[in-house]
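Below is one structure, written out as structure tokens, with a few remarks after it.
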Amino acid sequence: MYPERIVCLSGESADICYRLGAGDRVVAVSAFAPRSMRVGRTVVGGFSTLKMPELLSVEPELVITFSDVQAQISADLIRNHCTVLATNQRSLRGIIQTILLIGRAIGCSAGAEKLAADFDRQLRDFARDAPPRPRVYFEEWDDPLITGIGWVSEAIHLLGGQDIFLQQGAKGALERRVEAAAVCRADPQIICVSWCGKPVELTKISDRPGWGSIAAIRDQNLYSIDPADILQPGPALLAGVNKMAGIIERWRTHNGQDQKIEDENDDEDELGREPLSS
């Protein structure tokens, strides 16, 4: 007997349930769930907040939480006799595993295997390994500066970019804090920004002291990406990966052409030089 009354406290778990054909079993969601999943359902909180009485009133048979940010929420739910599935995916592989896990938990294993395989295939279709590899800075928060989480860093590498703050073991936000001066020293050629929970103000970024000399700012390679498309670790992540792919590919096309012109000019200089003696 699989759960018939599911509460999803993160956007990606609601989306996964919907894609697996179990959307009608989701009775409550967070404010970060896809708009279509919020319609007609009880919204029981944000990401780090929860209205416990409202959640308990829908009599959930399963509550799906995400990350250490919701660790206390998960504990409180258990104390209130709720069955909790706490996911904590931080990588692209972890996202695939979470799709499969949720599918098994709600009785949709076959659909989850197909969804996971499709997600993996589409990710692989984005793979690029040809030079040049642009230096990329991904900003997840502005005060303090927090760089991209694991799956974002992996996506940048997959797309042919170089994450300037690649940290193999960093998972929590505090482990990904960086200084503005370090960004300037790394001189990223592309900057992608996605602030979780608030709109991005690109002018505030380009006007930061000393940032005008950064290649990405100077060459106008500063972009915002909707958090729903890149910061929710589920199938919808493909939309953000697709946007980053376009950004990196445009940079590569432009800079590859510049390199070609430079090489041709070097060749012409070589051909135009007369030998000093025969």
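Cβ-Cβ below 8 Å, separation at least six or inter-chain, first residue in region 206-221 and free of Cβ contacts under 8 Å to residues at least 40 places away in the same chain and in the same structural domain as I248 (by TED's automatic domain parsing), second acidic (D, E) and outside any loop (DSSP other than H, G, I, E, B): which pairs?
Every condition considered, no pair remains.
Among the numbered criteria (1) over 13 Å from A14 (Cα atoms); (2) in a helix (DSSP H, G or I); (3) among the β-branched types (V, I, T), which one does T49 miss?
Result: T49 passes all but (2).
Could you please let me know if A33 is in contact with a strand residue (DSSP E or B) (Cβ under 8 Å, 6 or more places away or on another chain) and assigned to a loop (DSSP other than H, G, I, E, B)?
Working: in contact with a strand residue (DSSP E or B) (Cβ under 8 Å, 6 or more places away or on another chain): yes; assigned to a loop (DSSP other than H, G, I, E, B): yes.
Answer is yes for this residue.
Residue under question is P188, and the condition is that it be over 25 Å from G46 (Cβ atoms) and buried (at least 18 other Cβ atoms within 10 Å of the Cβ); does it hold?
Taking the combined requirement at face value, the residue satisfies it.
How many residues are over 15 Å from the mean Cα position of the chain (by Cα) and not polar (S, T, N, Q) when one looks only at region 171-197?
Going through region 171-197 one residue at a time, the tally reaches 15.
Quick one: would you say T83 is touching a residue at least 40 places away in the same chain (Cβ under 8 Å) and of a type outside the set (K, R)?
yes
Can you find a residue in region 175-182 that is farther than 26 Å from R250 by Cα, among the acidic types (D, E) and free of Cβ contacts under 8 Å to residues at least 24 places away in the same chain?
The answer is yes; a qualifying residue exists.
Would you confirm whether or not region 13-30 contains a residue that is touching a Leu at 6+ places or on another chain (Cβ under 7 Å) and in contact (Cβ under 8 Å) with a residue 60 or more places away in the chain?
The answer is yes, given that some residue of region 13-30 is touching a Leu at 6+ places or on another chain (Cβ under 7 Å) and in contact (Cβ under 8 Å) with a residue 60 or more places away in the chain.
All but one of (1) surrounded by 15 or more Cβ atoms within 10 Å (Cβ to Cβ); (2) more than 23 Å from the chain's Cα centre (by Cα); (3) within 30 Å of T49 (Cα to Cα) hold for N80, so report the exception by its number.
With (1) surrounded by 15 or more Cβ atoms within 10 Å (Cβ to Cβ); (2) more than 23 Å from the chain's Cα centre (by Cα); (3) within 30 Å of T49 (Cα to Cα) applied to N80, the lone miss is (1).
Among the helices (runs of 4 or more DSSP H) confined wholly to region 91-191, which include 1 or more residues that are within 30 Å of R25 (Cβ to Cβ)?
92-105, 109-125, 150-158
The values are calculated or read from the model by the stated rules, or taken from the named source; none is laboratory data. Since the structure is predicted, the reported quantities are computational estimates derived from the model, not experimental observations. Counting neighbours? That spans all protein chains shown, and the Cβs are built from the backbone with ideal geometry, glycine included.
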